Amino acid sequence: MSGYLRADERRAATVESLLALAAEQNPSDITTTAIARRMGLTQGALFKHFPSREAIVEAVMASVAERLMARLEAAAEGRPPLQALEAMFLAHAGFVADHPGVPRLLFGELQRAEPTAPKRIAQTLLAGYAHLLVRVIERGRGADGIDPAVAAEDAAALFIGTLQGLVMQSLLAGSPEAIRERAPAAFALYRRALEVRP
């Protein structure tokens, strides 16, 4: 990877290198030296693009937020609400299975007591995600089989919480692919909580 790359390509490669390392080890233990080594660069070459490790983590979080939200919006596009929710659930599970370093990095940032730029990005991502879910759920109340009595904010929190539980279980099991396998059954249970009762 040490060949000539444009600045934006080098930044993108740095993001991917940190995510790959986060899938293999504790994200808080990853140094700029390790990132540079993974990329076949010197630490000085890495610092031409990022002034600090936190700046790299910030870039990773921004990239993850953008990619995940794009995947979720694409999954929901043009589908009836319950189908949109299922597509979003499976898309998120697939994203985690494809990028196992993401939840490890995200959970690590959210556990930090002090306010940081990466933590703010993670909080903004979760807020945007919840807002998207609320819109889809509200659109489906009554018309698409979602019980009109369902509180959209609570249903959005349950959706995200269910996925977070699956993520934690897959991390504990050391099997990122497990979330993709378990997601359909978990969504089926979630869907039953939303549906209008006959």
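May I have the convex hull volume per residue, in Å³, for the Cα set of segment 111-195?
In segment 111-195, the Cα convex hull volume per residue is 104 Å³.
Helix by helix through the chain, keep the DSSP H runs that span 18 Å or more along the axis on Cα and average at least 0.5 on Kyte-Doolittle, and give those back in order.
The answer, listed by residue number, is 53-76, 81-98, 152-173.
So, in nm, how far is label A70 from label R191 when the simple model puts each one 7 Å beyond its Cα toward the Cβ?
2.8 nm
Kindly give Rg over Rh for segment 1-55, based on alpha-carbon atoms, with the Kirkwood expression for the hydrodynamic radius.
0.93
What's log10 of I(q)/I(0) for the chain at q = 0.12, 0.14, 0.18 Å⁻¹, Debye sum over Cα points only, no solvent?
-0.64, -0.83, -1.18
What's the exposure ranking of K48, K119, going from fewest to most Cβ atoms within 10 Å?
So the ranking, lowest neighbour count to highest, is K48, K119.
Pick from P103, P51, P176: which residue has the top mean-square fluctuation in a GNM of the chain where Cα pairs under 10 Å get a spring?
P51
If we count other beta carbons within 10 Å of each Cβ, what is the order of R104, R112, fewest first?
Starting with the residue having the fewest Cβ neighbours, the order is R112, R104.
Could you work out the relative contact order of the chain, using alpha carbon pairs under 8 angstrom and six or more residues apart, expressed as a whole percent?
That works out to 22 percent.
Can you compute the FRET efficiency between T124 and R79 using 1/(1 + (r/R0)^6), with r the Cβ-Cβ distance and R0 = 35 Å? Round to the nearest 0.05.
So the FRET efficiency works out to roughly 0.90.
Readers should treat all values here as calculations from the given coordinates under stated rules, not as data from a laboratory. Computed from a predicted model, the values in this text were never measured in an experiment. All Cβ positions, glycine included, derive from the backbone under ideal geometry; neighbour counts span all protein chains shown.
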